[in-house]
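A.B. asks: Can you keep this structure in mind? I'll have questions shortly.
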Amino acid sequence: MPPVTPALEPLRRIAAYAVARDGDGRVLLVRASSRSGTPGVWSLPGGAVDHGEDPNHTVVRETAAETGLSVAVTGLQDVLADMRSMPHRGVTIHTDRLVYTVSVRGGNLVDRVGHPTDLARWHTLEEAEKLKLRPFTAAALGLSADAGDLRPEEAPVFPSFYAYEGPDGLHRAQRFAAYAIATDPYENLLLTRISEGYPGAGCWHLPGGGTDYGEQPGTALIRELVEETGQQGRLVSLLGVASHRDAASLGPEGYPIDWHGVRAFYRVVVDQPTEVTIHDVGGSTSEARWMPLKEVAELAHDQLTEVTADALRAARLI
């Protein structure tokens, strides 16, 4: 792959996609048109998550727009990230991709002349293997990718925090993060407490945080676990994704921000727990400790952050 000029502007986005199968086991794919950066390449239906939008709703909206079919989300299949350089647009895009399984409720396939995707068709996996597929689509279907994306040799420099002014005058920020339901062999859960001056101050939170540009969610989570608590863990399974919006959150920035957080949470096992050590002193974490699961179950609702409560319910720990 030829090197990409570092002059390309780095961007980030979150997107959600549908894996839909018909009664014969065929998968639904859409083709990129000449208006796109990859004409003739096929991918799963889906697209960017709007600010404040739940990714489940994105899947339904984008699939209807690109295929003419109404779908219902039935499960979360995978979460992955990739970088794609687009010199014709002058950008390199990091996309955090949420891949959902869906069932078709109704509608009819439609062609979309003049749109970024122009065809929607059902394909057997054998047929799909012969198509030019976006790498994330091939990965989701367990196939080989024939159309490799152009990628930078190194991840561009991109701020961990980026807010822009929205149409309502408030600054907006959309952030993708990964968090851990981390347990040890002794029925303890690893929790962190949010520092004063940060949204949710004083509440118990899960170890984890925002992913870096070019970083896979699982890799980011293991890194954050070490940075926040000093623990070495191993990923066991993806539990789910939570989407929360705090429309006027006041933090250390000193001005209100319309935050939209999309967070993947994973089951993580720490086989050899050690003394908890906070390496990021003075940051958003004021305390971290192993807490017995029985004590976790007795915590009041207002003692937990929203994403922590969602994750603990998904893990059936509360």
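The values are calculated or read from the model by the stated rules, or taken from the named source; none is laboratory data. Quick caveat, the model's predicted, so the values are computed rather than measured. Ideal geometry is used to build each Cβ from the backbone, glycine not excepted, and the neighbour counts take in all protein chains shown.
A.B. asks: Restricting attention to segment 95-112, and to residues there that are in contact with a Gly (Cβ under 6 Å, 6 or more places away or on another chain) and assigned to a strand (DSSP E or B), which single residue is farthest from Asp149 (Cα to Cα)? Please lay out each step first, then the result.
C.D. replies: To start, the set of residues in segment 95-112 that are in contact with a Gly (Cβ under 6 Å, 6 or more places away or on another chain) comprises 101, 107-110.
Those still in the list that are assigned to a strand (DSSP E or B) too: 101, 107.
Values: Thr101: 24, Gly107: 32 Å.
Across segment 95-112, the extreme among qualifying residues is Gly107.
A.B. asks: Please work out if Thr67 is crowded, with 20+ Cβ neighbours inside 10 Å, over 19 Å from Ser33 (Cα atoms) and either touching a Ser or Thr at 6+ places or on another chain (Cβ under 9 Å) or not aliphatic (A, V, I, L, M) (or both). Talk me through it step by step, then tell me what you get.
C.D. replies: Working: crowded, with 20+ Cβ neighbours inside 10 Å: yes; over 19 Å from Ser33 (Cα atoms): no; either touching a Ser or Thr at 6+ places or on another chain (Cβ under 9 Å) or not aliphatic (A, V, I, L, M) (or both): yes.
In short, no.
A.B. asks: Something else now. Has segment 132-145 got at least one residue that is over 23 Å from the mean Cα position of the chain (by Cα), farther than 30 Å from Leu206 by Cα and without any contact (Cβ under 8 Å) to a residue 60 or more places away in the chain?
C.D. replies: So in segment 132-145, the residues over 23 Å from the mean Cα position of the chain (by Cα) come out as 132.
Pick out the ones that are also farther than 30 Å from Leu206 by Cα and you get 132.
In the following step, the residues that additionally are without any contact (Cβ under 8 Å) to a residue 60 or more places away in the chain were identified as none.
No: zero hits.
A.B. asks: Then there's this: When both residues are 6+ apart or on different chains and their Cβ atoms are under 6 Å apart, which pairs have a first residue that lies in segment 61-89 and is touching a residue at least 12 places away in the same chain (Cβ under 8 Å), and a second that is among the acidic types (Asp, Glu)?
C.D. replies: Every condition considered, the pairs that remain are Ala81/Asp96; Arg84/Asp149.
A.B. asks: Of the residues Thr192, Thr211, Thr219, Thr229, which is surrounded by fewer than 22 Cβ atoms within 10 Å (Cβ to Cβ) and closer than 21 Å to Phe265 by Cα? Spell out how you get there, then give the answer.
C.D. replies: Values: Thr192 fails: surrounded by fewer than 22 Cβ atoms within 10 Å (Cβ to Cβ); Thr211 fails: surrounded by fewer than 22 Cβ atoms within 10 Å (Cβ to Cβ); Thr229 fails: surrounded by fewer than 22 Cβ atoms within 10 Å (Cβ to Cβ).
Unique residue meeting the criteria: Thr219.
A.B. asks: Right, next: Anything in segment 80-107 that is polar (S, T, N, Q) and in contact with a helix residue (DSSP H, G or I) (Cβ under 9 Å, 6 or more places away or on another chain)? List them, or say none. Walk me through how you get there before you give the answer.
C.D. replies: Here is the first cut: in segment 80-107, the ones polar (S, T, N, Q) are 85, 92, 95, 101, 103.
Selection gives Thr95 alone.
A.B. asks: Okay, moving on. I'd like to verify a number: residues in segment 291-310 that are more than 22 Å from Ser249 (Cβ to Cβ), hydrophobic (A, V, I, L, M, F, W, C) and part of a strand (DSSP E or B), how many?
C.D. replies: Here is the first cut: in segment 291-310, the residues more than 22 Å from Ser249 (Cβ to Cβ) are 291-299.
Now restrict to residues that are hydrophobic (A, V, I, L, M, F, W, C): 291, 293, 296-297, 299.
From what's left, part of a strand (DSSP E or B): 291.
Number satisfying all stated conditions: 1.
A.B. asks: Kindly indicate whether any position in segment 214-232 is modelled with pLDDT of 90 or more, touching a helix residue (DSSP H, G or I) at 6+ places or on another chain (Cβ under 9 Å) and farther than 22 Å from Arg12 by Cα.
C.D. replies: yes
A.B. asks: Follow-up. Tally time: how many residues in segment 232-245 are surrounded by 15 or more Cβ atoms within 10 Å (Cβ to Cβ) and more than 18 Å from the chain's Cα centre (by Cα)?
C.D. replies: 1
A.B. asks: Then there's this: Determine if segment 119-139 includes at least one residue that is β-branched (Val, Ile, Thr) and part of a helix (DSSP H, G or I).
C.D. replies: Residues of segment 119-139 β-branched (Val, Ile, Thr): 124, 137.
If we keep only those that are part of a helix (DSSP H, G or I) as well, we get 137.
Within segment 119-139, one or more residues are β-branched (Val, Ile, Thr) and part of a helix (DSSP H, G or I).
A.B. asks: Restricting to segment 98-131, what's the tally of residues that are touching a residue at least 40 places away in the same chain (Cβ under 8 Å) and either within 26 Å of the chain's Cα centre (by Cα) or closer than 20 Å to Leu76 by Cα (or both)?
C.D. replies: 13
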